[in-house]
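Laboratory data are not the source of any read-out in this text; all were calculated from the coordinates shown. All of these numbers come straight from a predicted model, not from anything done at the bench. Cβ coordinates were reconstructed from backbone atoms using ideal geometry, including for glycine residues, and neighbour counts include every protein chain displayed.
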Protein chains: 2
Amino acid sequence: MSIKYAERMDNLKASEIREILKLTERPEVISFAGGLPAPELFPIEEMKVVSRKVLEEMGQAALQYSATEGYPPLRKAITERMKVFGIESDPDEILITSGSQQGLDFCAKIFIDPGDVVVVESPSYLGAINAFKAYQCNFVEVPTDQDGMLMEDLENVLKNTPNVKYIYVIPDFQNPTGKTWSVERRKAFMALANQYDVPVVEDNPYGELRFEGEIPPSLKSMDPENRVIFLGTFSKTFTPGLRMGWVLAEKSILEKFILVKQGADLQTNSMTQRELAMFLEMYDLDAHIEKIKNVYRKRRDIMLKTMEETFPEGVTWTYPNGGLFTWVEFPEHINTRDLMVEAIKKNVACVPGGSFYPNGGRENAIRVNYSNMPEDRIVEGIKRLAEVIREAL
Amino acid sequence: MSIKYAERMDNLKASEIREILKLTERPEVISFAGGLPAPELFPIEEMKVVSRKVLEEMGQAALQYSATEGYPPLRKAITERMKVFGIESDPDEILITSGSQQGLDFCAKIFIDPGDVVVVESPSYLGAINAFKAYQCNFVEVPTDQDGMLMEDLENVLKNTPNVKYIYVIPDFQNPTGKTWSVERRKAFMALANQYDVPVVEDNPYGELRFEGEIPPSLKSMDPENRVIFLGTFSKTFTPGLRMGWVLAEKSILEKFILVKQGADLQTNSMTQRELAMFLEMYDLDAHIEKIKNVYRKRRDIMLKTMEETFPEGVTWTYPNGGLFTWVEFPEHINTRDLMVEAIKKNVACVPGGSFYPNGGRENAIRVNYSNMPEDRIVEGIKRLAEVIREAL
C-alpha cells in the first residue's frame with residue numbers, strides 16, 4: 001500500500017529518552033536517564049485500601065462513563081492543593097487529564113496553527129517540545145540564568161516575533177536544568193506577558209518537591225488577567241502510572257480544553273479518579289510528600305557530593321533545591337551524544353542535552369536524574385560517569 | 001486578554017449528546033440517549049480481586065511509568081481475543097489506548113492535513129466525526145442499505161475525490177443505525193479499497209455483542225495488503241470507565257500511532273492495564289459477555305415490541321442483531337431536534353439523528369439506546385415517546 005501521512009508526521013521521531021530508557025531496562029545499568037520517581041515509596045498499601053473502598057462504595061459509577069471534566073470531588077480536592085502555590089481556584093476551572101503530558105498536547109491543539117510560534121526556555125522539557133511539534137509550530141528559545149528567563153531577551157522576542165501563541169515555562173525545578181525562577185523574575189515575566197498580551201503555559205510537576213526554602217508564588221497566583229494556564233500532575237507526588245494530571249485555567253479557556261478532551265479520549269479513567277480522591281480524603285498526601293522529599297534530598301546530596309569529588313575541572317552542574325534533575329555542562333567541544341555511547345558501555349546512562357533545545361545546536365550538557373536510584377548506585381554511577389568524562393576531556 | 005485560538009477550534013462545539021446527557025442525569029428521566037452499558041452487570045467483585053492481586057504481586061510496576069505501547073501480557077491477550085473476528089495478529093501490532101476514542105483521534109492526527117477527505121457511512125458515529133473535525137478534514141458521506149455501504153456510490157467517490165486519506169466504517173452493529181454489513185459487501189468493499197489504494201479505519205466496539213447468528217469476518221481479516229487499521233475496546237464488553245481500548249495495525253503504521261501516543265499522554269494507565277490483563281487471565285470474559293448479551297437481547301426485544309405496539313404508521317426502525325442501538329426514522333417533515341424538546345418535557349430522551357450526518361441536512365431520525373435501562377422503564381419510555389411522536393405527526 002502507498003500511504004500518505006499528514007505533514008505533521010514529518011516532524012515526529014521517537015524520543016531519544018525513550019530509546020535510551022529501553023537500553024536502561026537491563027538491570028546492570030545504573031540509570032540517571034529517566035524522570036522516574038522512586039517506586040519503593042509508592043503508597044501500595046493505601047492503594048489497596050482505596051481501590052477496595054471505591055469498588056465497594058461506588059463500584060458502578062467507578063466503572064461507568066463519567067463527565068469529561070472529571071470527578072467533582074477530585075476537582076474540588078485539587079483546588080485545595082493549589083493553595084500551596086498561592087492559587088485560589090474553583091472546581092469549574094479544573095479539567096482532569098491523563099497526566100500533564102495530555103495538558104501539553106491540548107495546549108498546542110488549542111492554540112497552534114502551522115507556523116505559529118511557541119516561546120520556551122532554552123533548554124526546555126523534551127516531552128513538551130515533542131507534543132507541540134506535532135502541531136507544526138516554530139520555537140523561539142529564550143536564554144535563562146539562575147533566576148529564570150532573561151527578561152531583556154524575552155521582551156526582544158515578544159516585540160519582534162509575529163504569531164507568538166503562548167510562552168511555555170517550568171518555573172520550579174525546571175526539566176532539564178533543575179533551576180527555579182526568583183520571585184522578582186516571576187513578577188517581571190508576568191508584567192511582560194501582560195504588556196504583550198500573550199497567554200502563558202505554566203508547567204509545574206515538581207514544585208511541591210522542594211527540599212529547602214519556601215515554595216515561591218506561582219505565575220498563576222500573579223495573574224489577575226487570567227492569562228496563565230497551569231498544568232499540574234500527581235505523577236511525582238503520588239504515582240505516575242495512574243496518569244492523573246490537571247489543567248487549571250479561566251473558565252472560557254477551560255471550555256476549549258474540555259471540548260478537546262472530549263474528542264481526544266472522552267474522559268480520564270473513572271475508577272482511578274475516584275481512587276485518588278479517596279486517597280486524598282483518607283490519607284495525608286503532604287506527609288507522603290515529606291517522605292519522598294527526605295529520600296530525594298539525600299540522593300541529591302550524595303550525587304552532587306560525588307560529582308564534586310570525582311568530576312574533572314571544566315565540568316559544572318546546577319544545585320537544584322528540589323525536583324528530580326541536575327544539569328551538567330561540559331566545555332563546548334564535548335558532544336554528549338558521543339559521551340553517552342561510552343557511558344552506556346560502562347552501564348551508566350543519562351540523557352544527552354541536545355534534545356532539550358528545540359532548534360538544536362547545543363550538545364555539551366547532560367540531564368542527570370537522582371530520584372530513581374538508591375544511594376550506593378548513585379555513588380557508583382557517578383564515579384563511572386566521571387571516568388567516561390575524564391577520558392573524553 | 002485578547003486570545004487567538006487555532007483555526008481548528010472554529011470547527012469544535014460541545015457534542016449534542018453531551019448536552020442531552022446532562023439533562024438525563026435527573027433520575028426521573030428515562031434515557032435512551034447515551035451509549036451506556038448496563039452498570040448492574042459490571043464485574044465489581046472480580047475487579048476487587050484483580051486490583052488487590054495486581055497491587056500485591058506487582059504494585060511498584062503497576063504504579064510506575066511503563067512502555068508507551070502498553071503492557072505486554074495485555075497486548076498478547078488482545079491478539080487472542082482478535083481471533084473471534086478472524087484476525088491473526090502479533091502483540092507488536094497492538095497499541096493500548098485510552099478507549100477507542102483515542103484511536104479515532106490518532107487516526108486523524110496521523111493522516112489528516114486541513115482540507116483532506118475522510119469517507120464515512122451516512123450516518124456515522126458522532127464521536128468519530130468530532131474527533132476527525134478537530135483536524136480540519138472534509139467529509140464525504142456514502143449512503144448505506146441494510147447490507148452496508150453502497151459500493152457504486154463508494155466507487156464513485158473514490159474515483160472522483162482527491163485527497164481521500166481514509167475510509168472510516170463501523171461494519172458491526174453500527175453507531176447510530178445498529179446495522180451490520182453482509183460478508184459479500186465486506187469483500188466488495190475491500191476490493192475497492194485495494195483498487196483505489198486507500199487506508200481503512202474499521203471501528204468495532206460492538207461486534208462481540210451479537211445476540212443471534214455468527215460473528216462475520218472483520219474487514220481486517222480480509223486484508224492481505226495491511227491497509228486496515230482496526231480499533232477495539234473493552235468499553236462495551238467489560239467496562240467503559242476504565243478507558244481500555246486498542247489499535248491494531250501493521251507495524252510500520254502502528255509505529256506512527258506509538259509516536260503520537262507518546263506526545264499525547266505518554267502511555268495508558270499502568271495499573272488498569274495490569275488489572276485488565278489479570279482479569280482476562282483469571283476469569284472468563286466470554287462467559288461475562290454471554291451474560292451481557294442475554295440482558296441486552298431481552299431489552300432489545302421488549303423495546304422493539306413496544307415500538308411495534310405503540311409507534312404510529314410512517315415510523316420505521318432497524319432490527320439490530322446486537323450492539324446497543326436502534327435507529328428510528330420519521331417522515332421527512334419531522335425535525336427530531338424539536339421532537340426531542342417535547343420528549344424531554346415528558347422525561348424521556350434520545351439523540352436527534354442530525355448530528356450523525358457530518359455535512360448535515362437530515363433531521364428526521366433518532367438514535368435509541370436499549371442497553372442502559374431496565375425493561376419496565378424501556379416499556380414506559382417507549383410509550384411516552386410514542387405519544388410525543390403521535391402529537392408531532
*How high is the FRET efficiency from residue B:28 to residue A:313, r the C-beta distance, R0 60 Å, rounded to 0.05?*
0.20
*Shape metrics for the protein assembly as shown, restricted to C-alpha atoms - Rg then Dmax, Å*: 26.9, 91
*Which entries in the list A:133/A:159; A:187/B:133; A:261/B:236; A:293/B:256 go over 31 Å, if you measure between the two C-alpha atoms of each?*
A:187/B:133; A:293/B:256
_Sparse-neighbourhood loop sites, GluC sites (Glu not before Pro) in segment A:156-212 - DSSP loop, at most 10 other Cβ within 10 angstrom_ = A:212
*Give the distance, in whole Å, between the Cα centre of segment A:186-253 and the Cα centre of segment B:295-366.*
46
_For chain A, what does the helix formula give at 222 nm: sum of -39500 (n - 2.57) over DSSP H segments with n ≥ 4, over the residue count, nearest 500 deg cm²/dmol?_
-13500 deg cm²/dmol
_Across the identical copies, how the residue A:393 labels are spaced - nm, sorted shortest first, 7 Å along Cα→Cβ_ = 9.0
*asked:* If you take every DSSP beta bridge fully contained in segment A:44-282, what fraction is antiparallel? Give it as a percent rounded to 5.
replied: 40
*Closest approach to the axis - chain B beta-carbon, rotation onto A, Å*: B:51, 2
*Cα centroids of segment B:76-99 and segment B:139-155: how far apart, whole angstrom?*
28
